[in-house]
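Worksheet: the structure to be examined is printed underneath.
The values are calculated or read from the model by the stated rules, or taken from the named source; none is laboratory data. Quantities reported herein were computed from a predicted structural model and do not represent experimental measurements. Neighbour counts run over all protein chains shown; Cβ positions are idealised from the backbone, glycine included. Heavy atoms of the whole protein, side chains included, go into the accessibility calculation; ligands, DNA and RNA do not. Shrake-Rupley method; radii C 1.70, N 1.55, O 1.52, S 1.80 Å.
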Amino acid sequence: MNKEEKTAIINSLADKLKSYSHFYLTDASELNAEQTAKLRRACFEKDVNMIVVKNTLFIKALEQVDKTNDELIQALKGSTAVMFTNSGKNPAVLIKEFRKTNAKPLLKAAYVEECVYVGEQSLEELANIKSREELIGEIVALLQSPAKNVISALQASAGQKIAGLVKALEERNA
């Protein structure tokens with residue numbers, strides 16, 4: 001591979017790092033062709049882009065987009081498949097599901113929500129992480145709950161009395 005080809009690969013990886021907000025570093029070595037095809041199909045279904053990379057080129061791509069981290073670089077040993085995604089938990093769920101019937105892929109590290117998770121022990125935590133949209137939905141639901149209670153109280157028969165009292169108080173002040 002000449003220097004121009006390496007530069008093209010680094011630029012391509014850097015573009016992927018810019019366009020996807022999260023990535024997982026996995027070890028998918030020792031999977032046979034059939035298992036690898038199943039893994040790639042599962043990735044496609046979950047909107048995860050999986051690419052096998054050369055570690056040194058991926059490190060240069062990380063440097064190019066200022067996402068270099070010592071823990072990530074230390075995880076880049078041996079065969080590495082990178083899973084790019086815009087949903088932080090999809091690859092973790094995919095890996096857990098796939099490993100019910102296969103020994104790999106193993107999680108080396110992950111960059112999710114601008115945090116680095118290292119090692120296989122982080123897989124469960126990553127699978128349970130909530131997306132930004134899920135968290136916003138929960139906050140909106142929590143904020144709506146008290147307002148719904150007040151509105152329903154005002155609309156109920158007791159609410160008629162409360163509304164009448166409020167109206168009487170307004171008329172007194174006027």
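Quick notes
- Gain upon complete extension [R132, N55; 0.36 nm per residue less C-alpha separation]: 24.7 nm
- Per-residue ellipticity at 222 nm, computed for the chain from helices alone with -39500 (n - 2.57) per DSSP H run of at least four residues, works out to -18500 deg cm²/dmol.
- Sulfur and carbon atoms: percent of accessible area, the chain [1.4 Å]: 54
- Student exercise, the range 67-123 dipole from Lys, Arg, Asp, Glu Cβ charges, in Debye to nearest 20: 300
- Here the contact order of the range 1-149, divided by its residue count and restricted to Cα pairs under 8 Å and six or more residues apart, works out to 31 percent.
- When each full DSSP H helix of the chain is screened for a Cα extent of at least 30 Å along its own axis and an average Kyte-Doolittle hydropathy of at least -1.0, the helices passing are 132-155.
- Applying 0.36 nm per residue to the separation of K6 and E114 and subtracting their alpha-carbon distance, the gain on full extension is 36.2 nm.
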